[in-house]
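The values are calculated or read from the model by the stated rules, or taken from the named source; none is laboratory data. Owing to the predicted nature of the structure, the values given are computational and were not obtained by experimental measurement. Counting neighbours? That spans all protein chains shown, and the Cβs are built from the backbone with ideal geometry, glycine included. Only protein heavy atoms, including side chains, enter the accessible area calculation; ligands, DNA and RNA are left aside. Shrake-Rupley method; radii C 1.70, N 1.55, O 1.52, S 1.80 Å.
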Amino acid sequence: MQTERTTLSDRKESFIDLENTELAFRDLSDSSLKQAYQLFKVMNSRNLVKTGEFLVKLAFAIHFPVKGILRKTIYRHFVGGMSILDSSKTIAQLGRRNVDSILDYALEGEDSDELFDATCNEIIRTIEFAANSKNVPFSAFKITGIGRFDLLAKVSANEALSYEEQEEFNRVEKRMASIFKRGYELGIPVLIDAEETWIQPILDEMVLKLMSKYNGEKAIVQNTYQLYCRDGLERLKLHHKKALDEGFKFGLKIVRGAYMEKERERAIELGYPSPIQPDKESTDHDFDAAIHYLIENYKTIDFMVSTHNEKSSLLLARLIDEYGIPRNFPGIYFSQLYGMSDHITYSLAEHGYNVAKYVPYGEVKTMMPYLFRRAKENTSMKGQTSRELRLIETEIKRRKEKRHE
């Protein structure tokens with residue numbers, strides 16, 4: 001795979017066609033393409049998403065046999081498989097298109113130590129799997145998969161903990177340490193997702209401490225920065241300076257962000273200034289400014305740009321070439337979610353850039369909070385589902401015309 005990328009990276013075409021639907025949907029049959037169209041059609045409606053979430057929760061509550069329907073529709077489109085092993089086919093299929101995978105065990109929002117321990121062990125298994133797979137260069141997880149949200153909020157707010165809560169938090173820290181320790185032992189970088197702003201402070205604190213311990217030559221511990229936060233770019237630069245001052249390798253992923261509505265609602269409810277950018281233009285400005293900053297400092301930062309935005313993707317691709325950086329440089333990655341923005345993923349991969357899909361996996365019921373969160377994000381991201389629909393429509397039309405030639 002690396003040899004193929006090296007060959008591709010020598011080709012310096014300046015034009016990347018993100019409208020090439022034949023390339024984007026090559027792996028989808030006609031029936032799968034039509035099913036994807038219907039799925040995004042539903043996701044384009046906020047009311048239908050809310051109704052669907054209610055009906056699915058009701059179905060599980062009354063033990064209605066809905067798993068089969070879900071697995072053949074939304075689950076199949078956005079989920080890699082039931083388990084690590086079951087996801088192997090998805091990983092191999094992506095690998096054949098020169099696209100890497102990031103296994104993401106998507107259990108979240110639980111509140112028992114037993115489940116937190118089980119999730120921690122599963123995350124470690126993804127690291128061990130990655131160490132033996134040429135197509136899986138990273139592992140990833142959410143801290144809310146291994147620790148209780150309300151506890152993290154309390155610690156972030158510097159509130160006094162009871163003895164039991166302190167012991168509980170100690171267990172969260174041990175789980176975090178064990179995950180990154182395994183990543184360090186096997187040389188596999190581990191990305192930790194960003195969270196809501198009111199639990200991000202303790203997450204940053206723990207991550208920076210672990211970076212200083214494990215990020216010697218390689219950025220094993222990698223944080224995530226949401227640029228729809230007013231302080232996102234400032235925090236990124238501040239943490240980079242800390243890494244430079246203390247002599248460890250900085251590793252990170254940038255995203256626009258996932259909790260905009262929740263953040264604004266909470267700020268209004270509790271009467272504090274919203275931590276979210278005032279408009280999309282401000283978010284876009286900081287996101288692209290972050291790309292420039294990362295490229296300017298690529299020798300001291302390993303980074304991933306996770307975006308479904310065409311302009312930002314093309315900006316990074318152009319800057320990589322302008323700076324004379326090899327397109328397969330191991331410290332720079334693009335990424336998108338499995339089941340979305342294939343026109344970006346496969347076009348970049350075709351031109352020799354490092355690209356990875358986030359491939360979530362888990363049982364059908366386990367995946368429902370993740371899937372509905374993704375559906376809600378799509379309805380709130382202006383133009384996202386409309387863009388997917390337009391591309392799918394274009395490909396359906398192209399295939400019809402080809403058959404009639």
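Return the loop-located GluC sites (Glu not before Pro) in the range 214-251 (DSSP other than H, G, I, E, B) with at most 13 other Cβ atoms within 10 Å of their own Cβ; answer none if there are none.
Details: sites: Glu217, Glu234, Glu246; in loops: Glu217.
Passing sites in the range 214-251 are Glu217.
Among the listed pairs Lys41/Lys181; Lys89/Lys365; Lys262/Lys400, give every one whose C-alpha distance is greater than 32 Å.
Numbers: Lys41/Lys181 43 Å; Lys89/Lys365 21 Å; Lys262/Lys400 43 Å.
Violating the 32 Å limit, Cα to Cα: Lys41/Lys181; Lys262/Lys400.
For the range 271-317, what is Rg from Cα atoms divided by 2.2 N^0.38 Å, rounded to two decimals? Show your work: numbers first, answer last.
On the way: Rg = 12.8 Å, N = 47, 2.2 N^0.38 = 9.5 Å.
Ratio of Rg to 2.2 N^0.38 Å for the range 271-317: 1.35.
For the pairs Lys134/Lys218; Lys253/Lys299; Lys72/Lys280; Lys174/Lys299, flag any whose C-alpha to C-alpha distance is greater than 23 Å. Kindly include the intermediate steps, with their values, before the conclusion.
On the way: Lys134/Lys218 18 Å; Lys253/Lys299 15 Å; Lys72/Lys280 34 Å; Lys174/Lys299 31 Å.
From the list (Lys134/Lys218; Lys253/Lys299; Lys72/Lys280; Lys174/Lys299), the Cα-Cα distance tops 23 Å for Lys72/Lys280; Lys174/Lys299.
Excluding same-chain residues fewer than 8 positions from Lys397, which aspartates and glutamates have a Cα within less than 15 Å of its Cα?
Qualifying aspartates and glutamates at Cα under 15 Å: Glu19, Glu22, Asp30, Glu388, Glu405.
Compute the signed sum of charges (Lys and Arg +1, Asp and Glu -1) over the other residues within less than 13 Å, Cβ to Cβ, of Val136. Could you put the intermediate results ahead of the total?
Working: positive: Arg125, Lys134, Lys357; negative: Asp100, Asp104, Glu128.
Within the 13 Å Cβ shell, the charges total 0.
Output the antiparallel fraction of DSSP beta bridges having both residues in the range 202-335, as a percent to the nearest 5. Intermediate results must be reported in sequence, preceding the final value.
Values: 1 of 14 bridges.
Within the range 202-335, antiparallel bridges account for around 5 percent of the total.
At what distance in nm do the modelled label points of Lys280 and Glu322 sit from each other, each positioned 7 Å from its Cα along Cα→Cβ?
My value for the distance between the label points is 2.4 nm.
Ignoring everything but the protein chains, give the 1.4 Å probe accessible area of Ser341 in square angstrom, nearest 10.
It works out to around 0 Å².
Which one, His77, Ser133, His404, is farthest towards the positive end of the dipole of the chain when Lys and Arg carry +1 and Asp and Glu -1 on their Cβ?
It is His404, whose Cα lies furthest towards the positive end.
With runs of 4+ DSSP H residues as the only contributors, calculate the mean residue ellipticity of the chain at 222 nm using -39,500 (n - 2.57) per run, divided by the residue total and rounded to the nearest 500. Intermediate values should be presented prior to the final figure.
Working: 18 runs with 230 residues, N = 405.
Taking each H run of at least 4 residues, the total per residue is -18000 deg cm²/dmol.
For the range 271-405, rounded, prolate or oblate, judged on the Cα gyration tensor with a ≥ b ≥ c (square roots of eigenvalues), a/c < 1.5 rounded, else prolate if a/b > b/c? Present the calculation step by step, with values, prior to reporting the outcome.
Details: a/c = 1.61, a/b = 1.13, b/c = 1.42.
Oblate.
Can you sort Arg327, Arg96, Arg71, Arg76 by solvent-accessible area, 1.4 Å probe, largest first?
These residues rank, largest area first, as Arg96, Arg76, Arg71, Arg327.
Going from most exposed to least, what order do Glu281, Glu363 have by accessible area with a 1.4 Å probe?
Details: Glu281 125, Glu363 95 Å².
The residues order as Glu281, Glu363, largest area first.
Any idea of the accessible area per residue across the range 255-380, 1.4 Å probe, to the nearest Å²?
Values: 4710 Å² over 126 residues.
Value returned for the range 255-380: 37 Å² of accessible area per residue.
Can you work out the accessible area per residue across the range 79-154, with the rest of the protein chains kept in place, probe 1.4 Å, in square angstrom?
Working: 2890 Å² over 76 residues.
So the range 79-154 comes to 38 Å² accessible per residue, rounded to a whole number.
Where both residues lie in the chain, what percent of DSSP beta bridges are antiparallel, nearest 5? Working shown, then result.
Details: 1 of 33 bridges.
Among the beta bridges of the chain, antiparallel pairing accounts for roughly 5 percent.
Name the shape class, rounded, prolate or oblate, that the alpha-carbon gyration tensor gives for the range 178-256, where a ≥ b ≥ c are the square roots of its eigenvalues, rounded holds for a/c under 1.5, and otherwise prolate holds if a/b is larger than b/c and oblate otherwise. Display every interim value, and only then the final one.
On the way: a/c = 1.98, a/b = 1.47, b/c = 1.34.
Prolate, since a/c reaches 1.5 and a/b exceeds b/c.
At a threshold of 8 angstrom on Cα-Cα distance, excluding pairs fewer than six apart, so keeping six or more, what relative contact order does the range 113-212 reach in percent? Intermediate results must be reported in sequence, preceding the final value.
Numbers: 96 pairs, mean separation 37.8, N = 100.
In percent, rounded to a whole number, it is 38.
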